[in-house]
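What follows is a set of notes on a single structure, which appears directly below.
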Amino acid sequence: MSLSFDPASIDLPNGHFIGGRLLPAEGRIAMHRPSDGVAYAACPIADAEVVDAAVAAAKAALKTSNWGGVRPRERVNALHRFANHIEANAETLAKLEALSSTRPVGQLVAGDIAVTAEQIRFFAEMADKEGSAVVPTDEASFGMILDEPYGVVGAITPWNFPLSMAGWKLGPALAAGNAVVIKPSEMTPFSTIRLAQLAVEAGLPAGLINVVLGDGQTTGTALTGHADVAKVSFTGSTAAGSAIMANVARTGIKPMTLELGGKSPQIVFADADLDKAAGAIAGSVLANAGQACVAGTRLIVEESVVAALSSAIIDRLRNARPGVTWDAATTYSPAISALQRGRISAIVEAARASGATCATGGSFMDHPGYFYAPTLLTGVDAASPAVTEEIFGPVLTMQTFTSESEALELASHPTYGLAAGLFTRDLTRALRITRALEAGTVWVNRYSRSRDHILPTGGYKRSGIGKDLGREAYHANRRSKSVLIGL
Ligand code: NAD
(Lines give C-alpha, C1' and ligand atoms only; values in the text may rest on other atoms or scores of the structure.)
Protein backbone atom coordinates (compact mmCIF):
# COMPACT_ATOMS: atom_id res chain seq x y z
CA MET A 1 0.00 0.00 0.00
CA SER A 2 1.33 3.46 -0.85
CA LEU A 3 2.20 5.78 2.00
CA SER A 4 1.20 8.84 -0.05
CA PHE A 5 -1.65 10.79 1.55
CA ASP A 6 -3.78 13.90 1.33
CA PRO A 7 -2.50 16.41 3.92
CA ALA A 8 -6.02 17.77 4.44
CA SER A 9 -7.13 14.33 5.68
CA ILE A 10 -4.96 14.36 8.81
CA ASP A 11 -6.43 15.04 12.28
CA LEU A 12 -3.91 16.93 14.37
CA PRO A 13 -3.54 16.12 18.08
CA ASN A 14 -3.20 19.82 18.91
CA GLY A 15 -2.78 20.65 22.61
CA HIS A 16 -0.56 19.81 25.56
CA PHE A 17 -0.28 16.19 26.66
CA ILE A 18 -0.20 16.13 30.45
CA GLY A 19 -0.82 13.24 32.81
CA GLY A 20 -1.89 11.02 29.92
CA ARG A 21 -4.52 13.45 28.60
CA LEU A 22 -4.55 15.73 25.57
CA LEU A 23 -5.53 19.19 26.78
CA PRO A 24 -6.73 21.38 23.92
CA ALA A 25 -5.23 24.86 23.93
CA GLU A 26 -5.60 28.00 21.88
CA GLY A 27 -3.33 28.09 18.81
CA ARG A 28 -0.94 31.04 18.88
CA ILE A 29 1.89 30.46 16.39
CA ALA A 30 0.85 30.17 12.73
CA MET A 31 2.16 27.01 11.05
CA HIS A 32 2.81 26.57 7.33
CA ARG A 33 3.48 23.33 5.46
CA PRO A 34 7.07 23.50 4.16
CA SER A 35 6.13 21.49 1.06
CA ASP A 36 3.57 23.97 -0.28
CA GLY A 37 3.55 26.96 2.07
CA VAL A 38 -0.12 26.45 3.01
CA ALA A 39 -1.12 27.65 6.50
CA TYR A 40 -2.71 24.65 8.24
CA ALA A 41 -2.62 25.03 12.03
CA ALA A 42 -1.50 27.16 14.96
CA CYS A 43 0.72 25.95 17.77
CA PRO A 44 -0.29 26.78 21.35
CA ILE A 45 2.20 28.32 23.78
CA ALA A 46 2.38 26.72 27.24
CA ASP A 47 2.97 29.36 29.91
CA ALA A 48 4.69 28.79 33.25
CA GLU A 49 1.46 27.47 34.78
CA VAL A 50 1.00 24.79 32.10
CA VAL A 51 4.66 23.80 32.35
CA ASP A 52 4.25 23.56 36.12
CA ALA A 53 1.26 21.23 35.67
CA ALA A 54 3.30 19.02 33.33
CA VAL A 55 6.22 18.82 35.77
CA ALA A 56 3.80 18.04 38.62
CA ALA A 57 2.24 15.26 36.51
CA ALA A 58 5.70 13.81 35.85
CA LYS A 59 6.54 13.85 39.57
CA ALA A 60 3.21 12.26 40.45
CA ALA A 61 3.69 9.52 37.82
CA LEU A 62 7.12 8.67 39.24
CA LYS A 63 5.67 8.44 42.72
CA THR A 64 2.60 6.34 41.94
CA SER A 65 4.29 3.99 39.45
CA ASN A 66 7.68 3.82 41.21
CA TRP A 67 9.13 3.77 37.68
CA GLY A 68 12.64 4.49 38.96
CA GLY A 69 12.48 1.88 41.72
CA VAL A 70 10.86 -1.16 40.12
CA ARG A 71 12.84 -4.20 39.09
CA PRO A 72 14.76 -2.82 36.07
CA ARG A 73 13.52 -5.66 33.86
CA GLU A 74 10.02 -4.19 34.20
CA ARG A 75 11.28 -0.98 32.60
CA VAL A 76 12.99 -3.03 29.88
CA ASN A 77 9.75 -4.88 29.10
CA ALA A 78 7.60 -1.75 29.15
CA LEU A 79 9.96 0.08 26.80
CA HIS A 80 10.02 -2.89 24.43
CA ARG A 81 6.21 -2.74 24.30
CA PHE A 82 6.49 1.00 23.58
CA ALA A 83 8.96 0.35 20.73
CA ASN A 84 6.69 -2.35 19.27
CA HIS A 85 3.73 0.01 19.41
CA ILE A 86 5.74 2.74 17.64
CA GLU A 87 6.47 0.30 14.82
CA ALA A 88 2.84 -0.76 14.64
CA ASN A 89 1.81 2.90 14.31
CA ALA A 90 4.64 3.97 12.02
CA GLU A 91 2.29 5.10 9.29
CA THR A 92 0.23 7.43 11.50
CA LEU A 93 3.34 8.89 13.05
CA ALA A 94 4.97 9.36 9.66
CA LYS A 95 1.95 11.20 8.28
CA LEU A 96 1.78 13.60 11.22
CA GLU A 97 5.47 14.33 10.90
CA ALA A 98 5.55 14.59 7.11
CA LEU A 99 2.69 17.07 7.17
CA SER A 100 4.51 19.72 9.17
CA SER A 101 8.19 18.94 8.75
CA THR A 102 10.75 18.54 5.98
CA ARG A 103 10.85 14.75 6.32
CA PRO A 104 9.37 12.77 3.41
CA VAL A 105 6.85 10.16 4.50
CA GLY A 106 8.69 7.24 2.86
CA GLN A 107 11.99 8.12 4.55
CA LEU A 108 10.19 8.46 7.88
CA VAL A 109 8.78 4.95 7.83
CA ALA A 110 11.94 3.28 6.51
CA GLY A 111 14.38 5.43 8.48
CA ASP A 112 13.51 7.82 11.30
CA ILE A 113 10.69 5.81 12.89
CA ALA A 114 12.23 2.35 12.48
CA VAL A 115 15.47 3.68 13.97
CA THR A 116 13.65 5.40 16.84
CA ALA A 117 11.98 2.12 17.86
CA GLU A 118 15.35 0.38 17.63
CA GLN A 119 17.04 3.04 19.77
CA ILE A 120 14.36 2.81 22.46
CA ARG A 121 15.06 -0.95 22.63
CA PHE A 122 18.81 -0.24 22.71
CA PHE A 123 18.43 1.99 25.77
CA ALA A 124 15.84 -0.28 27.38
CA GLU A 125 18.41 -3.08 27.38
CA MET A 126 20.77 -0.97 29.49
CA ALA A 127 18.29 -0.64 32.34
CA ASP A 128 19.16 -4.00 33.93
CA LYS A 129 22.83 -4.13 32.94
CA GLU A 130 24.49 -0.78 33.47
CA GLY A 131 25.38 0.95 36.72
CA SER A 132 26.33 0.75 40.39
CA ALA A 133 29.65 -0.74 41.49
CA VAL A 134 31.41 -2.07 44.54
CA VAL A 135 34.76 -0.31 44.74
CA PRO A 136 38.08 -1.19 46.37
CA THR A 137 38.58 0.23 49.88
CA ASP A 138 40.51 -0.91 52.94
CA GLU A 139 39.12 -3.97 54.71
CA ALA A 140 37.59 -1.94 57.54
CA SER A 141 35.09 -0.40 55.11
CA PHE A 142 32.80 -1.30 52.26
CA GLY A 143 32.56 1.16 49.38
CA MET A 144 29.86 1.42 46.70
CA ILE A 145 28.90 3.78 43.95
CA LEU A 146 25.12 3.71 43.64
CA ASP A 147 23.57 5.25 40.61
CA GLU A 148 20.07 6.59 40.60
CA PRO A 149 17.66 8.43 38.32
CA TYR A 150 17.37 12.22 38.53
CA GLY A 151 13.58 12.40 38.66
CA VAL A 152 12.11 14.74 36.06
CA VAL A 153 14.13 15.44 32.92
CA GLY A 154 13.24 18.50 30.83
CA ALA A 155 13.85 17.83 27.13
CA ILE A 156 13.73 20.28 24.23
CA THR A 157 14.00 19.23 20.58
CA PRO A 158 14.46 20.93 17.18
CA TRP A 159 12.37 20.69 14.01
CA ASN A 160 14.83 18.98 11.68
CA PHE A 161 14.27 15.35 12.77
CA PRO A 162 11.43 15.74 15.30
CA LEU A 163 10.71 12.06 16.05
CA SER A 164 14.33 10.95 15.99
CA MET A 165 15.33 13.74 18.34
CA ALA A 166 12.44 12.92 20.70
CA GLY A 167 13.60 9.28 20.68
CA TRP A 168 17.17 10.30 21.50
CA LYS A 169 15.87 12.11 24.58
CA LEU A 170 13.12 9.73 25.73
CA GLY A 171 14.97 6.42 25.29
CA PRO A 172 17.83 6.97 27.75
CA ALA A 173 15.85 9.15 30.18
CA LEU A 174 13.04 6.59 30.58
CA ALA A 175 15.31 3.54 30.61
CA ALA A 176 17.33 5.21 33.36
CA GLY A 177 14.19 5.54 35.48
CA ASN A 178 13.20 9.18 34.94
CA ALA A 179 10.00 10.89 33.83
CA VAL A 180 10.18 13.46 31.02
CA VAL A 181 8.55 16.74 30.13
CA ILE A 182 9.38 17.37 26.49
CA LYS A 183 8.93 20.52 24.43
CA PRO A 184 9.14 19.83 20.69
CA SER A 185 9.81 22.62 18.21
CA GLU A 186 6.87 24.95 17.69
CA MET A 187 7.18 24.17 13.97
CA THR A 188 6.80 20.38 14.28
CA PRO A 189 5.03 19.42 17.52
CA PHE A 190 2.33 16.91 16.51
CA SER A 191 4.28 13.70 16.00
CA THR A 192 5.79 14.07 19.49
CA ILE A 193 2.28 14.35 20.97
CA ARG A 194 1.28 11.13 19.18
CA LEU A 195 4.48 9.44 20.37
CA ALA A 196 3.56 10.25 23.98
CA GLN A 197 0.02 8.94 23.44
CA LEU A 198 1.47 5.69 22.06
CA ALA A 199 3.54 5.31 25.22
CA VAL A 200 0.39 5.37 27.36
CA GLU A 201 -1.42 3.00 24.98
CA ALA A 202 1.56 0.63 25.28
CA GLY A 203 1.17 0.59 29.08
CA LEU A 204 3.74 3.14 30.25
CA PRO A 205 2.39 5.04 33.28
CA ALA A 206 0.33 8.12 32.32
CA GLY A 207 2.39 11.19 33.18
CA LEU A 208 5.74 9.53 32.54
CA ILE A 209 5.97 11.44 29.26
CA ASN A 210 4.36 14.88 29.14
CA VAL A 211 4.49 17.16 26.12
CA VAL A 212 4.18 20.93 26.34
CA LEU A 213 3.86 22.90 23.12
CA GLY A 214 5.27 26.35 22.69
CA ASP A 215 8.20 28.56 21.77
CA GLY A 216 11.63 28.84 23.35
CA GLN A 217 11.12 32.18 25.03
CA THR A 218 8.03 31.33 27.08
CA THR A 219 7.71 27.54 27.25
CA GLY A 220 11.38 26.58 26.90
CA THR A 221 12.45 29.13 29.52
CA ALA A 222 9.76 27.96 31.96
CA LEU A 223 10.81 24.34 31.48
CA THR A 224 14.59 24.71 31.80
CA GLY A 225 14.22 27.06 34.77
CA HIS A 226 11.65 24.93 36.65
CA ALA A 227 12.84 24.09 40.16
CA ASP A 228 11.62 20.46 39.91
CA VAL A 229 13.30 19.74 36.56
CA ALA A 230 16.47 18.03 37.74
CA LYS A 231 18.25 17.74 34.40
CA VAL A 232 18.00 19.44 31.01
CA SER A 233 18.50 17.61 27.74
CA PHE A 234 18.55 19.95 24.74
CA THR A 235 19.13 19.67 21.01
CA GLY A 236 19.12 22.81 18.91
CA SER A 237 21.19 25.82 17.95
CA THR A 238 24.25 27.05 19.81
CA ALA A 239 22.49 30.39 20.41
CA ALA A 240 19.55 28.68 22.14
CA GLY A 241 21.99 26.44 24.07
CA SER A 242 23.69 29.57 25.42
CA ALA A 243 20.34 31.09 26.39
CA ILE A 244 19.46 27.88 28.25
CA MET A 245 22.77 27.90 30.13
CA ALA A 246 22.14 31.50 31.16
CA ASN A 247 18.59 30.69 32.28
CA VAL A 248 19.73 27.66 34.27
CA ALA A 249 22.48 29.74 35.88
CA ARG A 250 19.91 32.40 36.76
CA THR A 251 17.29 30.03 38.17
CA GLY A 252 19.41 27.35 39.81
CA ILE A 253 22.15 24.87 39.00
CA LYS A 254 21.40 21.61 37.16
CA PRO A 255 23.20 19.27 34.76
CA MET A 256 22.68 19.75 31.06
CA THR A 257 23.25 17.81 27.89
CA LEU A 258 23.49 20.23 24.99
CA GLU A 259 23.61 18.97 21.39
CA LEU A 260 24.21 22.08 19.33
CA GLY A 261 25.13 23.37 15.90
CA GLY A 262 27.99 22.54 13.56
CA LYS A 263 29.82 23.51 10.40
CA SER A 264 31.45 20.22 9.62
CA PRO A 265 34.32 19.74 7.13
CA GLN A 266 34.87 16.84 4.72
CA ILE A 267 38.49 16.43 3.59
CA VAL A 268 39.17 14.57 0.35
CA PHE A 269 42.69 13.40 -0.50
CA ALA A 270 43.72 12.63 -4.09
CA ASP A 271 44.12 8.91 -3.32
CA ALA A 272 40.47 8.55 -2.20
CA ASP A 273 37.83 6.50 -4.00
CA LEU A 274 36.39 9.64 -5.62
CA ASP A 275 33.12 8.09 -6.68
CA LYS A 276 32.43 6.89 -3.15
CA ALA A 277 33.49 10.28 -1.74
CA ALA A 278 31.23 12.16 -4.18
CA GLY A 279 28.27 9.97 -3.20
CA ALA A 280 28.82 10.50 0.51
CA ILE A 281 29.42 14.24 0.16
CA ALA A 282 26.40 14.88 -2.06
CA GLY A 283 24.32 12.63 0.23
CA SER A 284 25.21 14.72 3.24
CA VAL A 285 23.57 17.85 1.77
CA LEU A 286 20.79 16.12 -0.16
CA ALA A 287 19.54 14.38 2.99
CA ASN A 288 16.85 16.60 4.52
CA ALA A 289 18.15 19.35 2.19
CA GLY A 290 21.21 19.85 4.38
CA GLN A 291 19.10 20.51 7.48
CA ALA A 292 21.12 18.22 9.69
CA CYS A 293 23.41 19.25 12.53
CA VAL A 294 26.19 17.05 11.16
CA ALA A 295 25.78 18.08 7.48
CA GLY A 296 29.31 18.06 6.02
CA THR A 297 29.04 21.36 4.22
CA ARG A 298 32.67 22.49 4.09
CA LEU A 299 34.44 20.54 1.36
CA ILE A 300 38.23 20.63 1.54
CA VAL A 301 39.73 18.96 -1.52
CA GLU A 302 43.28 18.17 -2.65
CA GLU A 303 43.92 20.41 -5.65
CA SER A 304 44.79 17.66 -8.14
CA VAL A 305 41.31 16.05 -7.90
CA VAL A 306 39.14 19.16 -7.70
CA ALA A 307 37.82 18.86 -11.29
CA ALA A 308 37.01 15.14 -11.11
CA LEU A 309 35.42 15.32 -7.68
CA SER A 310 33.36 18.45 -8.28
CA SER A 311 31.88 17.13 -11.52
CA ALA A 312 30.87 13.86 -9.77
CA ILE A 313 29.25 15.85 -6.95
CA ILE A 314 27.48 18.26 -9.32
CA ASP A 315 25.98 15.34 -11.29
CA ARG A 316 24.44 14.04 -8.10
CA LEU A 317 23.22 17.42 -6.83
CA ARG A 318 21.51 18.11 -10.16
CA ASN A 319 19.49 14.92 -9.79
CA ALA A 320 17.54 16.29 -6.82
CA ARG A 321 13.82 16.56 -7.58
CA PRO A 322 11.57 18.58 -5.26
CA GLY A 323 8.46 16.81 -4.06
CA VAL A 324 5.86 17.22 -1.33
CA THR A 325 6.69 15.35 1.86
CA TRP A 326 3.34 13.50 1.71
CA ASP A 327 4.28 11.80 -1.56
CA ALA A 328 5.87 8.40 -0.91
CA ALA A 329 8.22 8.87 -3.88
CA THR A 330 9.76 12.13 -2.62
CA THR A 331 13.43 12.08 -1.71
CA TYR A 332 14.40 15.79 -1.72
CA SER A 333 13.07 18.00 1.09
CA PRO A 334 12.01 21.64 1.28
CA ALA A 335 13.57 24.12 3.70
CA ILE A 336 11.50 24.32 6.89
CA SER A 337 10.17 27.85 6.36
CA ALA A 338 10.15 30.88 4.09
CA LEU A 339 12.40 32.57 6.63
CA GLN A 340 14.94 29.76 6.56
CA ARG A 341 14.99 29.65 2.77
CA GLY A 342 15.49 33.42 2.71
CA ARG A 343 18.45 33.04 5.06
CA ILE A 344 20.03 30.33 2.89
CA SER A 345 19.59 32.52 -0.17
CA ALA A 346 21.04 35.62 1.55
CA ILE A 347 24.20 33.72 2.55
CA VAL A 348 24.67 32.35 -0.98
CA GLU A 349 24.15 35.82 -2.50
CA ALA A 350 26.65 37.36 -0.08
CA ALA A 351 29.22 34.72 -1.08
CA ARG A 352 28.59 35.46 -4.76
CA ALA A 353 28.96 39.17 -4.13
CA SER A 354 32.36 38.52 -2.59
CA GLY A 355 33.57 36.56 -5.63
CA ALA A 356 32.32 32.98 -5.22
CA THR A 357 30.79 31.01 -8.11
CA CYS A 358 27.74 28.73 -7.95
CA ALA A 359 28.98 25.64 -9.81
CA THR A 360 25.41 24.40 -9.48
CA GLY A 361 22.27 25.59 -7.68
CA GLY A 362 22.11 28.98 -6.04
CA SER A 363 18.38 29.51 -6.56
CA PHE A 364 14.87 28.68 -5.39
CA MET A 365 13.36 25.62 -7.09
CA ASP A 366 10.39 25.79 -9.39
CA HIS A 367 7.90 24.20 -6.98
CA PRO A 368 5.43 25.58 -4.42
CA GLY A 369 6.78 25.59 -0.86
CA TYR A 370 10.26 26.41 0.34
CA PHE A 371 12.58 24.35 -1.89
CA TYR A 372 16.14 25.54 -2.47
CA ALA A 373 18.35 23.94 -5.11
CA PRO A 374 21.37 21.91 -3.94
CA THR A 375 24.29 24.28 -4.32
CA LEU A 376 28.06 24.02 -4.72
CA LEU A 377 30.00 27.25 -4.12
CA THR A 378 33.57 27.41 -5.42
CA GLY A 379 36.13 30.19 -5.08
CA VAL A 380 34.75 31.11 -1.66
CA ASP A 381 36.52 33.55 0.59
CA ALA A 382 37.49 31.77 3.86
CA ALA A 383 35.96 34.65 5.83
CA SER A 384 32.63 34.49 3.99
CA PRO A 385 29.59 33.54 6.13
CA ALA A 386 29.05 30.67 3.66
CA VAL A 387 32.22 29.11 5.10
CA THR A 388 32.00 30.28 8.71
CA GLU A 389 28.28 30.08 9.58
CA GLU A 390 25.97 27.10 9.95
CA ILE A 391 23.64 27.60 6.96
CA PHE A 392 21.30 24.69 7.68
CA GLY A 393 20.49 24.23 4.02
CA PRO A 394 21.72 22.35 0.92
CA VAL A 395 24.85 24.43 0.38
CA LEU A 396 28.39 23.06 0.02
CA THR A 397 31.45 25.28 -0.15
CA MET A 398 34.66 24.03 -1.75
CA GLN A 399 38.16 25.00 -0.64
CA THR A 400 41.39 23.42 -1.88
CA PHE A 401 44.71 22.34 -0.38
CA THR A 402 48.09 21.02 -1.44
CA SER A 403 49.41 19.71 1.89
CA GLU A 404 48.03 17.77 4.83
CA SER A 405 48.77 20.61 7.23
CA GLU A 406 46.89 23.04 5.02
CA ALA A 407 43.92 20.65 4.93
CA LEU A 408 43.87 20.45 8.71
CA GLU A 409 44.12 24.19 9.08
CA LEU A 410 41.14 24.70 6.77
CA ALA A 411 39.16 21.97 8.53
CA SER A 412 39.51 23.57 11.96
CA HIS A 413 36.58 25.84 12.83
CA PRO A 414 37.06 28.45 15.57
CA THR A 415 33.83 27.60 17.39
CA TYR A 416 32.21 24.43 16.04
CA GLY A 417 33.44 20.83 16.37
CA LEU A 418 30.48 18.52 15.79
CA ALA A 419 31.58 16.12 13.04
CA ALA A 420 34.19 15.73 10.30
CA GLY A 421 34.67 13.51 7.27
CA LEU A 422 37.85 12.19 5.73
CA PHE A 423 38.38 10.33 2.46
CA THR A 424 41.69 8.57 1.78
CA ARG A 425 42.98 5.06 1.09
CA ASP A 426 46.02 5.67 3.30
CA LEU A 427 45.22 4.10 6.67
CA THR A 428 48.14 5.74 8.48
CA ARG A 429 47.12 9.16 7.27
CA ALA A 430 43.49 8.47 8.16
CA LEU A 431 44.43 7.64 11.75
CA ARG A 432 46.84 10.60 12.02
CA ILE A 433 44.19 13.05 10.79
CA THR A 434 41.43 11.50 12.86
CA ARG A 435 43.52 12.22 15.95
CA ALA A 436 44.20 15.78 14.87
CA LEU A 437 40.59 16.71 14.02
CA GLU A 438 38.70 18.52 16.78
CA ALA A 439 35.27 16.97 16.36
CA GLY A 440 32.97 14.76 18.41
CA THR A 441 32.49 12.39 15.45
CA VAL A 442 34.90 11.53 12.62
CA TRP A 443 33.71 9.48 9.67
CA VAL A 444 36.36 7.94 7.43
CA ASN A 445 35.41 6.94 3.86
CA ARG A 446 31.73 7.47 4.67
CA TYR A 447 29.63 10.38 5.86
CA SER A 448 26.59 9.25 7.80
CA ARG A 449 25.51 7.63 11.01
CA SER A 450 25.03 3.88 11.03
CA ARG A 451 22.60 1.91 13.17
CA ASP A 452 25.37 1.26 15.70
CA HIS A 453 23.67 3.15 18.51
CA ILE A 454 26.55 2.37 20.84
CA LEU A 455 28.52 5.19 19.18
CA PRO A 456 27.78 8.36 21.15
CA THR A 457 27.14 11.61 19.33
CA GLY A 458 27.96 15.11 20.53
CA GLY A 459 30.16 18.07 19.89
CA TYR A 460 33.51 19.55 20.76
CA LYS A 461 33.84 23.29 21.36
CA ARG A 462 30.51 25.18 21.09
CA SER A 463 28.86 22.26 19.33
CA GLY A 464 27.78 20.92 22.67
CA ILE A 465 28.24 19.42 26.08
CA GLY A 466 27.69 15.71 26.74
CA LYS A 467 26.45 13.00 24.41
CA ASP A 468 23.29 11.54 22.96
CA LEU A 469 23.24 7.83 22.05
CA GLY A 470 25.73 5.30 23.39
CA ARG A 471 26.26 4.34 27.02
CA GLU A 472 27.07 7.99 27.69
CA ALA A 473 23.49 9.05 27.07
CA TYR A 474 22.16 6.44 29.50
CA HIS A 475 24.63 7.44 32.22
CA ALA A 476 23.92 11.12 31.66
CA ASN A 477 20.41 10.33 32.90
CA ARG A 478 21.63 8.78 36.18
CA ARG A 479 23.47 10.45 39.04
CA SER A 480 25.92 8.67 41.30
CA LYS A 481 26.07 8.43 45.06
CA SER A 482 29.24 7.31 46.84
CA VAL A 483 28.55 5.11 49.85
CA LEU A 484 31.16 4.12 52.42
CA ILE A 485 30.21 1.74 55.21
CA GLY A 486 32.40 1.32 58.27
CA LEU A 487 32.54 -2.39 59.09
P1 NAD B 1 16.58 26.25 17.77
O2 NAD B 1 17.72 26.37 18.72
O3 NAD B 1 16.03 27.49 17.19
O4 NAD B 1 15.35 25.53 18.48
C5 NAD B 1 15.49 24.24 19.05
C6 NAD B 1 14.49 24.09 20.17
O7 NAD B 1 14.86 24.98 21.22
C8 NAD B 1 13.07 24.47 19.79
O9 NAD B 1 12.18 23.59 20.44
C10 NAD B 1 12.94 25.89 20.33
O11 NAD B 1 11.61 26.27 20.61
C12 NAD B 1 13.77 25.79 21.59
N13 NAD B 1 14.32 27.04 22.10
C14 NAD B 1 14.75 28.11 21.39
N15 NAD B 1 15.22 29.04 22.23
C16 NAD B 1 15.09 28.55 23.49
C17 NAD B 1 15.39 29.05 24.79
N18 NAD B 1 15.92 30.27 24.96
N19 NAD B 1 15.13 28.28 25.87
C20 NAD B 1 14.60 27.04 25.71
N21 NAD B 1 14.27 26.52 24.50
C22 NAD B 1 14.53 27.26 23.41
O23 NAD B 1 17.04 25.21 16.67
P24 NAD B 1 16.22 24.68 15.41
O25 NAD B 1 16.21 25.76 14.39
O26 NAD B 1 14.92 24.08 15.85
O27 NAD B 1 17.15 23.46 14.92
C28 NAD B 1 18.29 23.65 14.20
C29 NAD B 1 19.51 23.67 15.11
O30 NAD B 1 19.56 22.46 15.85
C31 NAD B 1 20.79 23.71 14.30
O32 NAD B 1 21.70 24.61 14.90
C33 NAD B 1 21.31 22.28 14.39
O34 NAD B 1 22.69 22.14 14.19
C35 NAD B 1 20.87 21.90 15.76
N36 NAD B 1 20.82 20.44 15.90
C37 NAD B 1 21.83 19.81 16.59
C38 NAD B 1 21.85 18.41 16.70
C39 NAD B 1 22.98 17.70 17.43
O40 NAD B 1 22.85 16.50 17.68
N41 NAD B 1 24.06 18.37 17.77
C42 NAD B 1 20.82 17.66 16.10
C43 NAD B 1 19.81 18.34 15.42
C44 NAD B 1 19.82 19.72 15.33
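Rolling a 1.4 angstrom probe over the protein heavy atoms, how many square angstrom per residue are accessible across region 130-210? Walk me through the numbers before you get to the answer.
Working: 2090 Å² over 81 residues.
About 26 Å² of surface per residue is accessible.
With a 1.4 Å probe and every protein chain kept in, tell me what percent of the accessible surface of the chain is carbon plus sulfur.
On the way: 10260 of 18860 Å².
Carbon plus sulfur share of accessible area: 54 percent.
Here region 313-367 and region 452-487 have alpha carbon centers that stand 37 Å from each other. Packing, as the average of other Cβ atoms within 10 Å across residues, places the peptides 474-485, 176-187 in the order 176-187, 474-485, highest first. For region 265-453, the Kirkwood estimate of hydrodynamic radius, built from reciprocal distances between every pair of different alpha carbons, is 16.6 Å. Computed from Cα positions, the angle between helix 306-317 and the longest principal axis of the chain comes to roughly 60 degrees.
When peptides 114-122, 97-105, 316-324 are sorted by average Cβ neighbour count within 10 Å, with the highest value leading, the order is 97-105, 114-122, 316-324.
Net charge of the neighbourhood of Val324, taken over other residues with C-beta under 11 Å away and scored Lys/Arg +1, Asp/Glu -1, is -2.
For the chain, the longest principal axis of the Cα atoms and the long axis of helix 48-65 meet at an angle of about 60 degrees.
Hey, what's region 1-69 come to in accessible area per residue, 1.4 Å probe, Å²? Don't skip to the answer; put the middle values down first.
Working: 3580 Å² over 69 residues.
On a per-residue basis, region 1-69 sits at 52 Å².
For region 269-346, what is the accessible area per residue in Å² when the probe is 1.4 Å? Before the final figure, lay out each step's value.
On the way: 2740 Å² over 78 residues.
Normalised by residue count, the accessible surface of region 269-346 is 35 Å².
Strictly over 21 Å apart at the Cα level, which of Lys183/Lys254; Lys63/Lys129; Lys183/Lys467 would you flag in this model? As for pairs spanning more than 21 Å Cα to Cα, those are Lys63/Lys129.
For Arg341, Arg449, give the ranking by accessible area with the largest first, probe 1.4 Å. Write down the numbers at each step before the final one.
Working: Arg341 30, Arg449 85 Å².
In descending accessible area the options line up as Arg449, Arg341.
Dividing the Cα radius of gyration of the chain by 2.2 N^0.38 Å, with N the residue count, gives 0.99. When both region 118-162 and region 385-435 are represented by their alpha-carbon centers, they are found 34 Å apart.
The values are calculated or read from the model by the stated rules, or taken from the named source; none is laboratory data. Quick caveat: nothing in here was measured; it's all calculated off a predicted structure. Backbone-built Cβ (ideal geometry, glycine too); neighbour counts: all protein chains shown. In case anyone asks, the SASA skips ligands and DNA or RNA and just uses the protein heavy atoms, side chains included. Shrake-Rupley method; radii C 1.70, N 1.55, O 1.52, S 1.80 Å.
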